[in-house]
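Peer 1: Mind having a look at this structure? Questions to follow.
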Amino acid sequence: MARIAVVGSINMDLVTRTRRRPRAGETVLGTAFDTVPGGKGANQAIAARRAGAEVDFVGAVGTDVFGPALRKVLEDNEVGTAGLRTVEGASGTATIVVDESGENTIIVVGGANAELSGLTAADRDVVAAADILLCQLEIPLPTVIEAARCARDHDTLVLLNPSPARSLPPSLWQSVDIAVVNEGEAAQLDSELRAVPHVLVTRGGDGATYRGPDGELTHPGVRVEVVDTTGAGDTFTGALAAHWHDGPAAALAWACTAGALATTIVGATASIPSFAAVQRALAE
Ligand code: RIB
């Protein structure tokens with residue numbers, strides 16, 4: 001069983017569903033509203049756990065009404081929370097609008113995630129003991145850099161999902177073993193990604209491509225009824241990390257299937273499929 005450390009974000013997603021997303025200055029009527037725990041870090045942690053890995057989460061929630069619910073979703077999913085701090089103020093939030101085609105727009109306000117400044121000795125032990133460190137870019141960059149450096153010092157593989165995309169120092173790219181990007185990020189980060197040994201590009205409904213030392217592999221899209229694409233990329237990334245030890249082809253197949261199933265239900269953490277559901281879909 002893989003052991004994964006996630007150093008990342010956790011948000012309360014405020015999800016509004018509407019037939020079509022409004023243009024600038026326009027008001028439209030929505031069809032439903034939900035609060036669903038999310039955040040790229042938490043989504044990937046829960047996805048890795050449901051894909052069969054042992055997972056520890058290092059992150060921060062606020063003292064607001066969302067903090068306890070966010071902590072609980074990690075606990076309910078048996079993700080280790082010894083590294084989860086509670087900091088004074090608001091938790092991270094994501095205001096998400098999903099249209100009837102399942103596409104979304106998201107505004108993230110960092111809140112407590114922005115206060116995750118640096119790792120404690122216990123956090124460093126968690127990273128050192130893991131097979132893979134999983135990071136995204138919704139927490140302060142110096143913390144991502146510190147976690148990646150710690151991972152390198154202890155032979156823990158570094159999997160970076162550089163999302164939301166931003167420019168990163170070359171020293172961080174040099175620490176990355178595996179990168180997961182969508183097509184937009186792949187185009188934006190083209191030259192940086194050339195230095196990364198293993199790169200996975202997700203293509204929405206068209207599947208994903210792996211490029212590594214032994215060449216390229218493509219997994220086709222898995223046909224599903226799409227309701228909400230929020231968290232599908234995170235589900236892909238967490239599942240990939242959990243199955244990385246099975247080799248790129250098997251990991252890619254599991255990740256593509258899990259990511260596709262995640263689009264069939266509304267909400268980020270709510271839509272991450274179970275181990276059994278992915279196994280069944282793969283057998284079909
Ligand atoms: O990747 C999806 C996630 O992005 C959402 O859960 C939201 O919280 C934002 O972080």
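The values are calculated or read from the model by the stated rules, or taken from the named source; none is laboratory data. Quantities reported herein were computed from a predicted structural model and do not represent experimental measurements. So basically every Cβ, Gly included, is an ideal-geometry build from the backbone, and we count neighbours across all protein chains shown. These area figures cover heavy atoms from the full protein model, side chains too; ligands, DNA and RNA do not enter into them. Shrake-Rupley method; radii C 1.70, N 1.55, O 1.52, S 1.80 Å.
Peer 1: I'd like the residue in the stretch 190-223 that is within 25 Å of D131 (Cβ to Cβ) and under 18 Å from the mean Cα position of the chain (by Cα) and, out of all such residues, is most open to solvent (accessible area, probe 1.4 Å).
Peer 2: Going through the qualifying residues, I end up with H198.
Peer 1: Among T35, T105, T95, which is open to solvent by 60 Å² or more (accessible area, probe 1.4 Å), within 25 Å of S274 (Cβ to Cβ), within 14 Å of the ligand (Cβ to nearest atom) and not hydrophobic (A, V, I, L, M, F, W, C)?
Peer 2: Just a single option satisfies the conditions, and that option is T35.
Peer 1: Do the conditions hold for G111, that is, is it within 16 Å of the ligand (Cβ to nearest atom) and either in contact (Cβ under 8 Å) with a residue 12 or more places away in the chain or surrounded by 15 or more Cβ atoms within 10 Å (Cβ to Cβ) (or both)?
Peer 2: So G111 fits the description; yes.
Peer 1: L240: in contact (Cβ under 8 Å) with a residue 40 or more places away in the chain, away from the ligand (no atom under 15 Å from the Cβ), open to solvent by less than 10 Å² (accessible area, probe 1.4 Å) and of a type outside the set (V, I, T), yes or no?
Peer 2: Taking the combined requirement at face value, the residue does not satisfy it.
Peer 1: Please go through the stretch 225-272 and pick out each residue that is hydroxyl-bearing (S, T, Y) and part of a loop (DSSP other than H, G, I, E, B).
Peer 2: Answer for the stretch 225-272, where residues must be hydroxyl-bearing (S, T, Y) and part of a loop (DSSP other than H, G, I, E, B): T229, T230.
Peer 1: Are any of the residues in the stretch 26-38 at negative phi, of a type in the set (G, A, S) and either at pLDDT below 95 or under 17 Å from the mean Cα position of the chain (by Cα) (or both)?
Peer 2: For the stretch 26-38, residues at negative phi, of a type in the set (G, A, S) and either at pLDDT below 95 or under 17 Å from the mean Cα position of the chain (by Cα) (or both): present.
For every residue, the table says whether it meets (1) hydroxyl-bearing (S, T, Y); (2) part of a loop (DSSP other than H, G, I, E, B).
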| position | (1), (2) |
| --- | --- |
| R149 | no, no |
| P164 | no, yes |
| S171 | yes, no |
| V180 | no, no |
| E185 | no, no |
